Amino acid sequence: MNVKKLDSENSLDRLMAEARRFPMLSLEEERDLATRWRDERDRDALNQLVGSHLRLVLKMARGFLGYGLPLADLVSEGNVGLMRAAEKFDPERGFRFSTYAAWWIRAAIQEHVLYSWSLVKIGTTAAQKKLFFNLRRLKARLEELEDGELSDESIDWIAEELSVPRDEVTAMNRRLTGGDFSLNGELSEDNGSWLERLVDTGPTPERIAVDASERRWRRRLLDESLIVLNDRERHILSERRLREEPQTLQDLSETYGISRERVRQIENRAIEKLSKAMHEAAADAARLNRDQGNSDNGRSLEPA
């Protein structure tokens, strides 16, 4: 029997009818079926064991209707949990299958609710999950059924009752009562949409142009400074530092017939020479720009 996925309410009706077709099991019958499935992989035993607990899935799924999700979807997820329970159940432990399966069914449905209730992901920590599934119930006990802010006394009581931080209580209450808004939704007729108010955290066109110009300048500075290296130093440095897949010290030692340590020494010396040459070239360029700027300022002060 495939109870993993329900595509429509008609499928749900069929599942309800099928659930009524399976009889309730005694402890001995349940243990026998579970043992046959575990030891012999008897599919008929699995069908009877799972089918007799479809009523449990339906009952638990109805308990999550307050989150606005279709019952058929909740039942489908509960069935996934039921099948996982059947796969892992050990009849020798002495527990009834319904007791064991209830945990798996509830966990599967809760995960589905958390990821389907809102387009915005919530409930990622244990405290948030606890609040998500218990906040409405505790607010009802406090008779705070409005969608506004909770009082400080209510926040303190809920935080203590669930052993969660106060700020988590406030944040989850706002999240559950606030609802979701489309970024394309209009603020007003004249103020545009929420999307137009989002801050672009990426670099500005000016920043992109400046960065590209600086990269070109650094590359030109590097190319011009390479002339201070001899052929072997230039080749080793290029192979070791300027390639996407650098050559190893062993490869270069075989190329030049020298030890790997000698290759490493040549590489380090080339880096020092190149770094010194680049700093000197950058300093010369800075002095030239400064002198050019002073010359331009002097000409601008001359009388026409």
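Each reported figure results from applying straightforward, stated rules to the coordinates on display, with no laboratory input. What you see is a predicted model; the values in this text were computed from it and never measured. Neighbour counts are summed over all protein chains in view; Cβ atoms, including those assigned to glycine, are modelled from backbone coordinates with ideal geometry.
See the values below:
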quantity	calculated
Two-site label geometry, Lys88 and Arg62: point separation in nm, points 7 Å out along Cα→Cβ	2.7 nm
Net +/- balance of residues flanking Glu160 in space, Cβ distance below 12 Å, scoring K and R +1, D and E -1	-2
Contour excess over end-to-end distance, with Cα ends at Met16 and Tyr256 and 0.36 nm allotted per residue	78.4 nm
FRET efficiency, Ser213 to Ala281 (Cβ-Cβ, R0 22 Å, nearest 0.05)	0.85
Directionally averaged shadow of region 1-117, computed from the convex hull of its alpha-carbon atoms, nm²	6.7 nm²
Spatially proximal aspartates and glutamates relative to Lys59 (Cα-Cα < 15 Å; intrachain offsets below 8 disregarded)	Asp13, Glu18, Asp73, Glu77
Separation in nanometres of the label points that stand 7 Å from Cα toward Cβ, at Arg241 and Asn134	6.0 nm
